[in-house]
Structure formats: C-alpha cells, structure tokens
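Enquirer: Take this structure first; my questions come after.
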Amino acid sequence: MKEDQNKNNIGQENNIPDAENPYQLLDLKVTKVKNWAAGVPGVVAAFSDLIEEKTIVRGTKALFKMNQKDGFDCPSCAWPDPDDERSVLGEYCENGVKALAEEATTKKVTTDFFKENSVYELSKLDDYQIGKFGRLTSPMYLPKNGTHYEPISWDNAFLKIAQHLNALDSPDEAAFYTSGRTSNEASFLYQLFAKEYGTNNMPDCSNMCHETSGSALRTTIGIGKGTVTLDDFYDTDVIVIIGQNPGTNAPRMLSALSKGKKNGAKIIAINPLPEAGLMGFRNPQEISGVLRSGIKLADLYLPVKINGDMALLKAIEILLIEFEKKNPGKVFDYDFIKEKTTGYDAFLQQFDQYNLDDLAQLSGVSKEALYEAAEIIAFKKRIIVCWGMGLTQQPNGVEMIREILNILLLKGSIGKPGAGVCPVRGHSNVQGNRTMLIDEKPTDEQLDRLQAYFGFNPPRKRGYDVVRAIKAMHDEKVKLLFSMGGNFLSATPDTNYTANALRKLNLTVSVSTKLNRTHLIHGQESLILPTLSRSDIDVINGETQFITTENSMGVVQSSKGILTPVSDDLINEMQIVCKMAVATLGSKSVIDWERYHNSYDDVRDAIENCIPGFENYNIRAREKGGFYLPNAAREGKFITKAFGDRVPFTLTVIPDNKLDSDEYMMATTRTHDQFNTTIYGLDDRYRGVKNERRVIFMNPKDIELAGFKAGDKVDLFNYDDTIERIAPLFVIVSYEIPEKNTVTYFPETNVLVSVNNVVKDSNMPASKYVKIKIKKHDPKIYERINKL
Ligand SMILES: Nc1nc2c(c(=O)[nH]1)N[C@H]1C(S)=C(S)[C@@H](COP(=O)(O)OP(=O)(O)OC[C@H]3O[C@@H](n4cnc5c(=O)[nH]c(N)nc54)[C@H](O)[C@@H]3O)O[C@H]1N2
Ligand SMILES: Nc1nc2c(c(=O)[nH]1)N[C@H]1C(S)=C(S)[C@@H](COP(=O)(O)OP(=O)(O)OC[C@H]3O[C@@H](n4cnc5c(=O)[nH]c(N)nc54)[C@H](O)[C@@H]3O)O[C@H]1N2
Ligand code: SF4
Ligand SMILES: [Mo]
C-alpha cells in the first residue's frame with residue numbers, strides 16, 4: 001500500500017472510486033439454502049466474531065449487560081426488549097453479538113496508522129477491509145491538498161469547523177446528517193444546534209429507511225410510527241410479514257413470532273425470497289432449539305415478484321369482498337368502518353376494474369395461494385402487519401403501506417390489542433432521532449415549542465433530505481457536510497455521483513467510531529472526530545452517565561455502557577455538539593451549551609419541556625424497563641388535520657412493471673453478515689453463500705434463457721436518466737426467486753441506483769426497484785468505467 005502516497009482524492013472527479021471496481025473475485029462457495037434460522041450455528045458464528053475482534057473477555061462480560069434493565073441497549077437493531085422479566089442468560093442474538101464485537105474490538109486505528117497510509121491508498125479498499133482496522137482513537141484532520149490525515153487537537157478541530165461554518169454565505173450551505181445510533185440526548189442537542197445556527201438541512205438515515213412508512217402513516221392514522229407493542233405479538237390471530245427479513249435484521253423478532261405462534265397465531269410471509277427466518281426458528285436460548293427441533297414459522301409463504309405487492313394486496317381485498325358477500329357481517333367490521341373511517345364506498349367501487357387472474361399474474365403468486373391468504377385473514381379479528389425495506393424502498397411504497405392499512409380498516413384491525421401496523425425500524429435509535437426533531441421538515445408546533453423554551457427563532461424553511469442534499473452538494477449549494485455517525489458515501493445511491501458531490505465540498509466532518517469510506521472520499525478539507533460507542537463507559541465529572549433511546553415500539557429506556565474506551569481521547573457525541581456550538585456561535589448563542597455539556601439530566605429536562613410525552617423524563621428514564629411514549633393510534637384515536645378523527649381509505653394504482661426482454665428487476669438487500677455498511681464477514685449463511693459478496697441471485701430459468709450458467713462472471717448495468725452505470729464483476733448464483741427478478745447486496749450495487757430513482761412522496765431512494773441488464777463479464781469493462 002505504498003504507491004500513490006502523494007495523491008489525494010481531490011481532482012479524481014472522473015474516477016469511480018476503486019473499491020467499486022475490483023478486478024478479482026474471491027473463492028465463492030455455494031451451500032444449501034437454510035429453511036430455519038438461529039440454532040447452534042448462530043451462537044458459534046457470534047462467538048467467532050468476538051474471537052476475531054480479539055475481544056472475547058471484554059465482549060462476553062458486556063454480553064451479560066446487553067439489553068438488561070440495568071445494562072446497555074444493543075447497538076444493532078431497534079427490536080424491543082421484553083417488558084417483563086429478562087433472561088439471565090442474556091437477551092441478545094447472533095447479530096447483536098456481532099455488532100458488539102465491532103464496538104468492543106481491541107484493534108485500534110492510531111495516528112501512526114494514518115501516517116503510514118495515504119488517504120488515496122485507503123480509498124481503494126472496500127468497507128469490509130477498512131472496518132477491520134479497529135476503533136478510531138484521536139481526532140484527525142486532512143488539510144487542503146493533503147495526502148495523509150494528521151492529528152489535530154479537539155480545540156483546533158472545533159475551531160476549524162467554526163471557521164468554515166461562519167464563512168458560509170448562508171447557514172443553508174451546510175448540511176447535518178444523522179445515522180440512527182445517536183442517543184436521544186445527543187440528537188436533541190444536535191438538531192438544536194443546527195436550528196440555532198440557522199438551517200433545517202438535517203438529512204438522516206430515515207430518508208433511506210422508514211421515511212416511506214412515516215409519510216404513509218402520519219397522514220392517515222395521525223402518527224408516523226407503528227401502533228403495536230411486543231405483547232400484541234403474543235396474543236393475536238394473524239401476523240403478516242411483508243418485505244422484511246427478520247431472521248437477519250431483527251433476529252429476536254423470531255422469539256416473539258414463535259411465542260405468538262405457540263399461542264395460536266397464523267403467520268403469512270410475503271417475500272420474493274424464501275428467507276430462512278421466515279420459515280423456521282430454533283431458539284438457541286431454549287433446549288428444544290439446541291436439540292434441533294425448533295418451530296415452523298410461516299403457515300403460508302407467498303413468493304411475490306419484486307414490486308408485485310400492490311397487485312397481491314388488491315387480490316386479497318377482492319377475495320375478502322367475496323368472503324364478506326357470502327358471509328355478511330362476518331368478515332368486515334362495519335361498526336369500525338362507520339365510526340372510524342372515511343371513503344369506504346369509493347374504495348369498494350374501484351374493484352370493478354380488476355380481475356383476479358390479472359392480479360395473480362402481476363403479483364407472481366398463484367390464485368390458490370392468494371385464496372389461502374384471504375381465507376386465513378377473513379374470519380380473524382386481530383391482525384398485525386409487519387414490514388421492512390422490501391416495501392419502503394419501492395417507488396410506490398407509500399401507496400403500498402396505505403393499501404395494507406385499507407385491509408386493516410376493513411377488518412377493524414388497528415388500535416386494539418393484538419392488532420395494528422408494525423413498521424420494523426432499522427437502527428437502534430432511528431425512531432428516537434425523529435422524536436428528538438432530527439427532521440428536515442419540522443412542524444410549526446414543534447418549532448414553536450423550541451422557540452418558547454429557548455428564545456431564539458428557529459428557521460421555518462424546509463431543509464434538504466438525503467437525496468436533495470446529495471443534489472445540492474453536486475450543484476455547490478451545500479458546501480459543508482457534517483455527519484453524526486453513519487457512512488454517507490456507502491449508504492447513499494449513485495455512488496459515483498455522490499462521490500463527486502462529496503469531493504466538491506469545502507469541508508466534510510464525520511463523528512465516527514470506526515473508519516469508513518466517507519472519511520476517504522472527502523471534501524477539500526476533512527475531519528474525523530472519534531466518539532464513544534453505546535457499550536463504552538461514559539464518565540462526566542467522575543460520574544458514570546446513561547443515555548436514552550427509543551425502540552421500534554416507542555419504549556424509551558436508559559442505556560449505560562460498561563467497557564473501558566479504547567482511547568482516552570474519545571468524547572461523547574453530546575459534548576462534541578456542545579463544543580462545536582460554543583466555538584461556532586460564541587456569544588451570539590442564547591443557549592447555555594456549557595451546562596448541557598456537563599449534564600445529560602439537564603438535556604433531558606430541556607427535552608421534557610419541548611417534546612410532548614416526556615413528562616418526568618429524568619425520573620421515568622431511571623425506572624427499570626423505561627416507559628412508553630403516548631401513541632393515540634394505539635388506543636384507537638386517529639387524529640389528522642385533513643380527516644379529523646377518521647382514517648381515510650386510500651385509492652391506489654397498480655404500477656406497470658414491464659421490463660424489456662433483456663432487462664431484470666434488482667432488489668438490493670443485506671447479507672446475514674453485515675450491519676448496513678459495516679461488513680462483519682463475507683458469508684450469507686442462510687442463503688447458502690460463502691466467501692463472496694459480489695453475487696447476483698437469479699432464477700434458474702432466466703440463467704438458462706440468457707445463455708449463462710451458475711458461477712458465470714457478469715457485469716451489471718443500469719440506464720436510468722439515459723446514463724450508463726456499471727457494476728463490474730459479479731458471479732451468478734442460481735436461486736429460488738421469481739423469474740426476471742434478481743437480488744444483490746448493498747452497498748456494492750449502490751453504483752447502479754440512480755439518485756433520481758425515488759419513492760413517490762417520501763423521496764427515499766427506491767433501492768429495491770432497480771432495472772438492470774446483465775452481460776458476460778468483459779475484462780475491458782474497466783476502460784469503459786474510467787470514461788464514464
Ligand atoms: N444484522 C443486521 N441487522 C440490521 C441491519 C443490518 O444491516 N444487519 N440493518 C438495520 C436497518 S438500518 C434496517 S432498515 C433493517 C432492515 O431490515 P429489512 O427490512 O429486513 O431489510 P433488507 O435486508 O434490506 O430486505 C428486506 C427484505 O425485502 C425483501 N424484498 C425485496 N424486494 C421486495 C418486494 O418487492 N416485495 C417484498 N414483499 N419483499 C421484497 C428481500 O427479499 C428481503 O428479505 O434492519 C436493521 N437491522
Ligand atoms: N442500496 C441500498 N442502500 C441502502 C439500503 C438498502 O437496503 N439498499 N438501506 C438504507 C438504510 S435502511 C439505511 S438505515 C442506511 C444506513 O446508512 P448509515 O446510517 O449512514 O450507515 P451505517 O452503515 O449504519 O453507519 C456505519 C458507521 O457509523 C459509525 N458509527 C457506528 N456506531 C456509532 C456511534 O455510536 N456513534 C457515531 N457517531 N458513529 C457510529 C461507524 O463509524 C460506521 O462506520 O443505508 C441505506 N442504504
Ligand atoms: S434483535 Fe436486534 S436489538 Fe435485539 S439483540 Fe438482536 S440485533 Fe440486538
Ligand atoms: Mo435503515
């Protein structure tokens with residue numbers, strides 16, 4: 001890694017970052033696809049990660065505190081912990097252990113590391129290679145035209161940020177990104193700073209994740225969150241899981257599903273892939289799971305085509321209408337429809353235009369299977385529908401979620417025990433970030449409360465979300481990107497376009513725990529600010545502190561790290577914000593940043609005064625298990641400006657998903673061995689893939705028709721906006737997936753996702769709806785890529 005030491009990334013505008021264009025593949029092994037999740041292999045895999053990160057003692061000690069009432073919140077996903085007693089053996093899963101191993105690692109990225117490795121050389125590595133270097137240990141600065149990051153003191157780092165922020169022509173030339181791990185306290189101060197500085201440019205990872213759910217629900221049921229609690233899963237009739245892969249992305253959801261199932265619930269899974277965690281579960285924390293018997297999960301699996309869900313939902317509605325006609329009053333809940341909804345008649349009328357055969361064909365699911373699904377739902381009263389990125393990252397995701405709601409409204413199955421909507425959130429505190437007003441479009445009521453308490457005029461103009469921020473950076477309207485966590489380059493679409501946008505900035509600042517690609521594809525100047533992670537001890541003035549987070553079901557609870565930080569030079573995110581605020585705003589500020597710098601309790605008092613639902617925050621945060629935030633929809637009260645106290649039935653359309661004869665639809669998903677852009681390993685155990693991430697899953701018939709064989713090397717292309725986008729060198733894996741559909745992993749294929757391919761109304765990247773062409777790998781492809 002010694003050549004090119006004198007290069008940096010500025011001036012590389014026409015080069016797609018090298019990490020996106022490998023010349024070689026690894027040694028892929030394809031094994032049997034699993035039809036059950038967890039069990040003993042899950043435990044083995046988890047502990048081997050602790051060993052690899054050289055942290056078995058630290059890590060194991062920490063595991064006994066993870067998700068315990070006096071411990072710390074798992075940094076991985078947002079699935080809730082049980083309200084009642086928690087297992088003394090530990091409340092964690094394989095992927096929770098992997099996330100912990102990443103944080104608890106004793107490997108370190110030191111100042112010497114940056115001296116030895118130029119930014120340009122590091123930028124050729126992919127996120128997997130970069131992540132394995134370990135935890136960041138001191139603040140680092142890359143000067144203009146610099147080739148290597150250099151150590152910088154914290155004070156000088158804040159001075160640099162302040163100089164840049166104060167030199168901008170308008171506060172709207174800065175953007176403040178947030179990833180979903182940041183605590184409630186740090187999030188609240190961060191948005192407060194951005195607003196006092198003068199901008200609502202707060203793109204966040206929700207803009208790529210559940211913004212679609214928020215857009216669909218806020219305007220219909222009056223709250224942009226789910227309505228169910230964990231207990232609802234234990235006592236319900238039907239659980240539908242659509243566009244979500246719980247076995248990998250919310251593994252302890254499988255315990256809730258199996259408990260619900262043991263109590264009589266039926267499970268319907270709707271997914272183009274027969275994901276292991278939808279099919280069966282062996283609970284490693286129970287003897288039966290260890291002895292391999294386990295439990296079958298889905299009673300019915302519907303192999304929907306990518307984006308065939310709308311046709312599928314409408315087909316189920318037609319069948320429900322037929323059931324109701326044959327069994328008047330037994331299928332639909334007319335009292336609910338009359339009292340709580342609006343638009344029922346118009347909703348019913350639309351069905352004249354549809355016929356079941358067409359809908360079945362468009363969805364990819366047989367009429368018989370659709371009938372079975374409708375039959376399971378028809379005579380049941382309590383239904384929970386869970387969804388994930390399979391729906392939210394579709395161009396018509398907002399409409400699809402409203403279609404799900406239409407079904408629940410017909411059945412009166414929302415706002416009562418055992419029934420409702422469950423968007424399964426991603427990052428462990430992404431829901432809390434939003435509650436804390438990290439939002440590019442805060443409401444006037446929210447801003448009025450901040451204004452009344454703090455006495456400054458927060459900006460009212462809508463800010464940039466992720467996609468708009470990328471475009472604004474490209475157009476040089478935004479000149480500074482501050483990231484509170486996350487990995488902007490790798491997480492966002494259109495990697496080449498976004499890389500060029502980042503390179504145009506005056507300054508990029510990343511508050512991070514681990515090195516990542518956003519530090520290496522940077523602005524003219526760049527800062528890396530290392531911070532504490534969730535499992536680290538956080539001590540202020542000699543006292544160990546706790547923070548709070550909100551999980552997928554609206555429970556706010558405390559989290560207290562226990563591990564000794566890898567470096568004395570790490571400070572917490574809240575203090576980073578306060579120091580940045582003091583350096584930037586100085587005496588112009590009306591906020592006592594020094595006070596908040598020293599006390600999480602004082603921050604919580606401020607939150608209590610500005611955000612409804614946090615009464616007695618400091619007292620309730622200290623109660624074991626935390627507290628539920630108010631959720632009127634959960635109680636059956638649906639209040640919106642447009643519809644008063646009624647939920648509208650929504651009229652939606654079926655999208656035209658025609659493909660050219662050489663085109664395929666591609667969905668980008670996670671493997672079982674990554675957390676977003678943090679790549680733990682190169683396997684995808686449940687899907688039978690070992691030692692390679694550059695794979696494309698194809699239907700065996702498609703492989704044959706196109707003249708390929710499984711194992712062939714191919715290049716992938718996208719032509720949206722009449723631009724050629726190329727992802728070179730993938731290997732074909734034959735898989736049980738609907739014809740003309742393909743699946744690849746993110747972030748590798750983000751190069752193919754146009755920045756203009758977005759979800760209507762939520763403006764999220766539609767990264768599970770990418771039209772691609774597949775051609776035999778051409779070794780000359782790299783020449784073409786360099787000319788793009
Ligand atoms: N271990 C681990 N845990 C995680 C994460 C992680 O990366 N690793 N990420 C966290 C984050 S931020 C999030 S948002 C969540 C994401 O969790 P998920 O929502 O489960 O995310 P994905 O893996 O992207 O894909 C979801 C599923 O959508 C299916 N799908 C694709 N297209 C369609 C379609 O058209 N229709 C239907 N019905 N299904 C479709 C895919 O086959 C896949 O099973 O997980 C969180 N938890
Ligand atoms: N094609 C495609 N693209 C996608 C998706 C997809 O399904 N397909 N999914 C999208 C989704 S759902 C999401 S949420 C985004 C994720 O986008 P991001 O949230 O931007 O990405 P992460 O990979 O979660 O962020 C990882 C980085 O966060 C930092 N980090 C970890 N813990 C902490 C902490 O406690 N504090 C601080 N300050 N930093 C920390 C580490 O340095 C690490 O490198 O990606 C999106 N992109
Ligand atoms: S389900 Fe999610 S939050 Fe719970 S232990 Fe596993 S990764 Fe952590
Ligand atoms: Mo997410």
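The values are calculated or read from the model by the stated rules, or taken from the named source; none is laboratory data. Every value quoted in this text rests on a predicted model; they were computed, and no experiment measured them. Ideal geometry is used to build each Cβ from the backbone, glycine not excepted, and the neighbour counts take in all protein chains shown. Protein only, heavy atoms only, side chains kept; ligands, DNA and RNA dropped before computing areas. Shrake-Rupley method; radii C 1.70, N 1.55, O 1.52, S 1.80 Å.
Enquirer: Which residues, counting only those in the range 382-400, are open to solvent by less than 10 Å² (accessible area, probe 1.4 Å) and within 16 Å of ligand 4 (Cβ to nearest atom)?
Expert: C386, W387, G388, L391, T392, Q394, G397
Enquirer: For the range 693-716, does any single residue satisfy the condition of being assigned to a strand (DSSP E or B), open to solvent by 10 Å² or more (accessible area, probe 1.4 Å) and out of contact with any His (no Cβ under 7 Å at 6 or more places or on another chain)?
Expert: Checked against the condition, which is being assigned to a strand (DSSP E or B), open to solvent by 10 Å² or more (accessible area, probe 1.4 Å) and out of contact with any His (no Cβ under 7 Å at 6 or more places or on another chain), the range 693-716 yields no hits at all.
Enquirer: Then there is this: Would you be able to tell me the number of residues in the range 563-581 that are within 12 Å of L189 (Cβ to Cβ) and open to solvent by less than 50 Å² (accessible area, probe 1.4 Å)?
Expert: 9
Enquirer: Just checking, does the range 444-459 include any residue being of a type in the set (D, E, K, R) and within 16 Å of ligand 3 (Cβ to nearest atom)?
Expert: No, every residue in the range 444-459 fails to be of a type in the set (D, E, K, R) and within 16 Å of ligand 3 (Cβ to nearest atom).
Enquirer: Does G280 fit the bill of being modelled with pLDDT under 95, more than 16 Å from ligand 4 (Cβ to nearest atom) and open to solvent by less than 10 Å² (accessible area, probe 1.4 Å)?
Expert: Yes: the conditions hold for G280.
Enquirer: Of everything in the range 426-443 that's within 16 Å of ligand 3 (Cβ to nearest atom) and open to solvent by 10 Å² or more (accessible area, probe 1.4 Å), which residue is nearest to F72 (Cα to Cα)?
Expert: In this case the residue turns out to be H427.
Enquirer: Next question. Checking the conditions here, which among T650, T584, T677, T668 is more than 29 Å from the chain's Cα centre (by Cα) and open to solvent by less than 30 Å² (accessible area, probe 1.4 Å)?
Expert: Exactly one of T650, T584, T677, T668 is more than 29 Å from the chain's Cα centre (by Cα) and open to solvent by less than 30 Å² (accessible area, probe 1.4 Å), namely T584.
Enquirer: Here's a follow-up. Looking only at strands (runs of 3 or more DSSP E) that lie completely in the range 499-565, which have at least 2 residues being closer than 30 Å to L168 by Cα and in contact with a strand residue (DSSP E or B) (Cβ under 9 Å, 6 or more places away or on another chain)?
Expert: The strands (runs of 3 or more DSSP E) meeting that bar are 507-512, 525-530.
Enquirer: Would you please name the residue that is nearest to ligand 2 (Cβ to nearest atom), looking only at residues in the range 245-260 that are closer than 14 Å to W387 by Cβ and in a helix (DSSP H, G or I)? Spell out the reasoning first.
Expert: Taking the range 245-260 first, the residues closer than 14 Å to W387 by Cβ are 245-246, 249-250, 253.
Checking the rest, the ones that are also in a helix (DSSP H, G or I) come to 246, 249, 253.
Details: P246: 15, N249: 9, M253: 16 Å.
Of everything passing the filter in the range 245-260, N249 is nearest to ligand 2 (Cβ to nearest atom).
Enquirer: Would you say Y177 is within 13 Å of ligand 2 (Cβ to nearest atom), among the hydroxyl-bearing types (S, T, Y) and more than 30 Å from G243 (Cβ to Cβ)?
Expert: no
Enquirer: Please state which of the following conditions F114 fails to meet, knowing it meets all the rest: (1) at pLDDT 90 or above; (2) buried (at least 19 other Cβ atoms within 10 Å of the Cβ); (3) in contact with a Gly (Cβ under 6 Å, 6 or more places away or on another chain).
Expert: Single failed check for F114: (3).
Enquirer: Just checking, does the range 721-744 include any residue being free of Cβ contacts under 8 Å to residues at least 12 places away in the same chain, more than 23 Å from the chain's Cα centre (by Cα) and open to solvent by 10 Å² or more (accessible area, probe 1.4 Å)?
Expert: Yes, the range 721-744 has at least one match.
Enquirer: Just to be sure, is E748 farther than 30 Å from V44 by Cβ and either open to solvent by 60 Å² or more (accessible area, probe 1.4 Å) or out of contact with any Cys (no Cβ under 6 Å at 6 or more places or on another chain) (or both)?
Expert: Judged against the criteria, E748 is not a match.
Enquirer: Give the range 263-285 a look and list any residue that's out of contact with any helix residue (DSSP H, G or I) (no Cβ under 9 Å at 6 or more places or on another chain) and within 17 Å of P82 (Cβ to Cβ), or say none.
Expert: Matches in the range 263-285: none.
Enquirer: Go through the range 346-365 and give me each residue that's open to solvent by 60 Å² or more (accessible area, probe 1.4 Å) and either assigned to a loop (DSSP other than H, G, I, E, B) or of a type in the set (S, T, N, Q) (or both).
Expert: Scanning the range 346-365 gives Q349, Q353, N355, Q361.
Enquirer: Related question: If only one of K471, K477 is part of a loop (DSSP other than H, G, I, E, B), at pLDDT 95 or above and open to solvent by 20 Å² or more (accessible area, probe 1.4 Å), which one is it? Step through it out loud before you land on a result.
Expert: On the way: K471 fails: part of a loop (DSSP other than H, G, I, E, B).
Sole residue among the options that is part of a loop (DSSP other than H, G, I, E, B), at pLDDT 95 or above and open to solvent by 20 Å² or more (accessible area, probe 1.4 Å): K477.
Enquirer: I'm trying to understand the selection: among the residues of the range 366-376, which are farther than 24 Å from M665 by Cα and open to solvent by less than 10 Å² (accessible area, probe 1.4 Å)?
Expert: Answer for the range 366-376, where residues must be farther than 24 Å from M665 by Cα and open to solvent by less than 10 Å² (accessible area, probe 1.4 Å): A373, A374.
Enquirer: Yes or no: the range 630-640 includes at least one residue that is of a type in the set (A, V, I, L, M, F, W, C), in contact with a strand residue (DSSP E or B) (Cβ under 7 Å, 6 or more places away or on another chain), open to solvent by 40 Å² or more (accessible area, probe 1.4 Å) and not in a helix (DSSP H, G or I). Break it down stepwise before answering.
Expert: To start, the set of residues in the range 630-640 that are of a type in the set (A, V, I, L, M, F, W, C) comprises 632-633, 638-639.
So of that shortlist, the ones also in contact with a strand residue (DSSP E or B) (Cβ under 7 Å, 6 or more places away or on another chain) come out as 638.
From what's left, open to solvent by 40 Å² or more (accessible area, probe 1.4 Å): none.
No, the conditions are met nowhere in the range 630-640.
Enquirer: Answer with yes or no whether E403 is in contact (Cβ under 8 Å) with a residue 60 or more places away in the chain, open to solvent by less than 10 Å² (accessible area, probe 1.4 Å) and part of a helix (DSSP H, G or I).
Expert: So E403 passes the test.
Enquirer: With respect to R604, determine if the residue is open to solvent by less than 10 Å² (accessible area, probe 1.4 Å) and in contact (Cβ under 8 Å) with a residue 60 or more places away in the chain.
Expert: Judged against the criteria, R604 is a match.
Enquirer: Also: If only one of Y769, Y782 is open to solvent by 10 Å² or more (accessible area, probe 1.4 Å), of a type in the set (S, T, Y) and modelled with pLDDT under 95, which one is it?
Expert: Numbers: Y769 fails: modelled with pLDDT under 95.
Answer to the check: Y782.
Enquirer: Determine which member of the set I318, I306 is within 16 Å of ligand 2 (Cβ to nearest atom), under 30 Å from E739 (Cα atoms) and open to solvent by 10 Å² or more (accessible area, probe 1.4 Å).
Expert: I306
Enquirer: Could you go through the range 408-425 and let me know if any residue there is within 11 Å of ligand 1 (Cβ to nearest atom), more than 30 Å from R449 (Cα to Cα), under 18 Å from the mean Cα position of the chain (by Cα) and open to solvent by less than 10 Å² (accessible area, probe 1.4 Å).
Expert: No, because not a single residue in the range 408-425 is within 11 Å of ligand 1 (Cβ to nearest atom), more than 30 Å from R449 (Cα to Cα), under 18 Å from the mean Cα position of the chain (by Cα) and open to solvent by less than 10 Å² (accessible area, probe 1.4 Å).
Enquirer: Hey, R58 hits all of (1) part of a loop (DSSP other than H, G, I, E, B); (2) modelled with pLDDT of 80 or more; (3) basic (K, R) but one; which does it fall short on?
Expert: If we test R58 against (1) part of a loop (DSSP other than H, G, I, E, B); (2) modelled with pLDDT of 80 or more; (3) basic (K, R), just (1) comes out false.
Enquirer: How many residues does the range 192-204 contain that are open to solvent by 10 Å² or more (accessible area, probe 1.4 Å), assigned to a helix (DSSP H, G or I) and not charged (D, E, K, R)?
Expert: Matching residues across the range 192-204 total 1.
Enquirer: Further question: Within the bounds of the range 145-167, is there any residue that is away from ligand 1 (no atom under 16 Å from the Cβ), touching a Ser or Thr at 6+ places or on another chain (Cβ under 6 Å), touching a residue at least 12 places away in the same chain (Cβ under 8 Å) and open to solvent by less than 10 Å² (accessible area, probe 1.4 Å)? Steps first, please.
Expert: Step one: list which residues in the range 145-167 are away from ligand 1 (no atom under 16 Å from the Cβ), which gives 145-167.
Still in the running and touching a Ser or Thr at 6+ places or on another chain (Cβ under 6 Å): 147-148, 151, 162, 165.
If we keep only those that are touching a residue at least 12 places away in the same chain (Cβ under 8 Å) too, we end up with 147-148, 151, 162, 165.
From what is left, the residues that are open to solvent by less than 10 Å² (accessible area, probe 1.4 Å) are 162, 165.
Yes - at least one qualifying residue is present in the range 145-167.
Enquirer: Please go through the range 24-42 and give me each residue that is open to solvent by 60 Å² or more (accessible area, probe 1.4 Å) and assigned to a helix (DSSP H, G or I), ordered by number.
Expert: V40
Enquirer: What pairs come up if the first residue lies in the range 117-130 and is closer than 19 Å to E150 by Cα, the second is among the charged types (D, E, K, R), and their beta carbons are under 6 Å apart, counting only those six or more places apart or on different chains?
Expert: These pairs meet every condition: Y120/D4; Y120/K7; E121/D4.
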